[in-house]
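Okay, so here's the structure we're looking at.
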């Protein structure tokens with residue numbers, strides 16, 4: 001490949017160093033106890049050893065769990081509203097997985113649809129995504145059922161493939177091509193490198209065992225939407241903790257609230273979840289008071305409602321909702337066992 | 001790479017940033033409901049602001065939060081804007097505590113509004129319960145101000161008790177308008193009530209407006225809406241001739257925060273006005 005490059009593993013620290021001159025670089029990190037994409041400390045590249053995927057999805061880097069929208073202040077002549085200062089920093093995320101990169105492409109559709117969401121979109125525009133193909137996926141992963149390859153991505157700017165002693169680097173977007181051309185310390189590739197990378201991707205693909213049957217999925221969900229028995233059975237063990245939604249790379253529901261002290265305060269938004277009855281509660285009634293309705297909503301939203309509206313599935317098969325669920329709820333089982341009718 | 005994108009996105013037309021509005025008048029409707037008249041502080045906006053009947057806004061009491069209400073005044077009467085608030089929660093209580101001259105925030109107008117153009121030349125049947133008259137009253141006044149464009153007007157309006165009837169000044173005005181057939185009912189009257197008693201769907205059935213060349217526009221508590229559609233079907237209205245404006249818990253108002261969906265439709269972005277044809281598949285199960 002003409003514009004692909006390679007780099008030795010021991011040079012990754014130096015590469016991140018070089019990129020840190022232009023970008024604020026973030027990498028997979030366990031610094032806060034729970035794996036997330038956090039600012040690089042300038043030396044530690046041990047994530048290359050332990051990293052399979054993060055617990056906190058990279059959506060948090062663009063759509064944080066808590067976000068100030070604006071401040072307000074009551075002055076003599078009335079209320080004054082103040083937006084947070086604009087962030088001129090350019091960001092680079094190193095190591096994002098193909099499933100999580102697809103999730104950002106999906107989130108772009110949410111935050112661009114009809115009305116532009118300035119907070120999310122400004123961060124997206126300021127960030128370069130450097131993908132890292134999976135070599136050791138979890139058994140909860142099912143990305144290949146969603147048309148995503150664990151080793152490939154069209155949703156990043158640059159793609160890295162672990163070839164053992166080094167990385168095979170492919171530009172994906174124009175932004176990535178520009179960055180790679182301007183990056184020093186990377187070597188031209190030989191045919192053998194490309195062949196090796198291809199083998200690694202194939203091997204990763206074969207390691208994804210779990211499947212979800214997505215054939216006619218919208219019609220199949222519509223057919224059993226009113227099947228209360230099925231949804232009650234599926235929801236029985238769910239404890240409505242919301243973990244599957246908070247840690248889902250595509251879940252984007254949020255709440256908006258105010259904080260006040262004296263005559264000034266902050267309007268902020270925070271992650272919310274369709275797992276909670278209060279999410280839809282109104283003074284007189286609640287359309288999704290029962291747990292089975294909430295579980296049904298989550299599944300149907302991801303595989304039926306969202307793709308109907310914006311032509312992209314709101315699930316990337318990252319498997320976090322299976323791997324990190326306290327009661328082993330499994331969306332693939334729910335989807336694979338849909339009854340044929342109500 | 002040199003464009004300051006974050007500045008561009010944040011500063012220009014940040015959809016979450018409310019306009020400052022000033023309360024100009026407060027009308028007590030019922031023991032729990034007030035109508036607030038307001039105007040924007042910014043003069044340019046005051047002149048440029050337009051909306052359609054049925055559209056809504058997100059209203060802020062800074063420090064307490066935002067809540068969703070339709071604009072209850074008519075776009076044909078531009079002197080000020082109105083909305084009606086039932087005291088039920090944190091924000092609505094705070095709105096009830098505002099005095100004339102107080103400032104609040106407003107984002108909007110959001111939502112689709114009523115398909116007014118498609119109502120031209122039709123008989124209009126309005127069916128409302130309680131504070132559900134608020135969005136319809138915007139439409140009704142709009143229609144009255146353009147009276148020649150429409151044929152017969154029937155209004156069936158009810159509340160739980162005489163004290164719960166909202167917009168009594170409108171009910172009087174419409175009752176005195178010979179071009180309108182106005183039927184007011186209460187579930188249960190009191191000692192001084194001499195009018196009709198009965199639930200809205202039943203009273204509608206008795207009034208029996210013709211479905212010929214007509215559309216019905218329904219708004220009220222979900223239970224009233226659920227029982228009204230079958231009555232309209234019995235009267236010969238097709239699902240395409242029946243419209244309602246729905247209420248759901250909302251936060252963003254612009255189709256992003258997630259909670260107000262009925263199936264793939266968002267009440268805030270695709271509604272709040274729907275034909276019964278659009279939502280009948282979901283209405284039994286999610287509404």
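The values are calculated or read from the model by the stated rules, or taken from the named source; none is laboratory data. As the structure is a computational prediction, the values presented were derived from the model and not from experiment. Cβ coordinates were reconstructed from backbone atoms using ideal geometry, including for glycine residues, and neighbour counts include every protein chain displayed.
General observations
- Single residue of region A:23-52 satisfying the filter (without any contact (Cβ under 8 Å) to a residue 24 or more places away in the chain and part of a strand (DSSP E or B)) that is nearest to residue A:182 (Cα to Cα): A:39
- Residue list for region B:120-140, filter: more than 22 Å from residue B:30 (Cα to Cα) and either modelled with pLDDT under 95 or touching a strand residue (DSSP E or B) at 6+ places or on another chain (Cβ under 6 Å) (or both): B:122, B:123, B:124, B:125
- Residues that are more than 20 Å from the chain's Cα centre (by Cα), more than 8 Å from chain B (Cβ to nearest Cβ) and at negative phi within region A:298-328 comprise A:326, A:327, listed in sequence order.
- Residue that is surrounded by the fewest Cβ atoms within 10 Å (Cβ to Cβ), among those in region B:222-250 that are touching a residue at least 40 places away in the same chain (Cβ under 8 Å) and assigned to a strand (DSSP E or B): B:243
- Filtering region A:222-237 to residues that are crowded, with 19+ Cβ neighbours inside 10 Å and under 26 Å from the mean Cα position of the chain (by Cα) leaves A:234, A:235.
- Among the conditions (1) within 11 Å of another protein chain (Cβ to nearest Cβ); (2) assigned to a loop (DSSP other than H, G, I, E, B); (3) surrounded by fewer than 17 Cβ atoms within 10 Å (Cβ to Cβ), residue A:252 misses just one, which is (3).
- Tallying residues that are within 17 Å of residue B:267 (Cα to Cα) and either more than 8 Å from chain B (Cβ to nearest Cβ) or in a helix (DSSP H, G or I) (or both) within region A:280-297 yields 3.
- Total residues in region A:283-308, condition surrounded by fewer than 21 Cβ atoms within 10 Å (Cβ to Cβ), touching a residue at least 12 places away in the same chain (Cβ under 8 Å) and touching a strand residue (DSSP E or B) at 6+ places or on another chain (Cβ under 9 Å): 0
- So residue A:177, is it surrounded by 15 or more Cβ atoms within 10 Å (Cβ to Cβ) and within 19 Å of residue A:248 (Cα to Cα): no
- Any hit, region A:64-76, residues being modelled with pLDDT of 95 or more, in the same structural domain as residue A:167 (by TED's automatic domain parsing), buried (at least 22 other Cβ atoms within 10 Å of the Cβ) and part of a loop (DSSP other than H, G, I, E, B): no
- Meets criteria (over 28 Å from residue A:322 (Cβ atoms), in a helix (DSSP H, G or I) and facing chain B (nearest Cβ under 10 Å)) for residue A:119: yes
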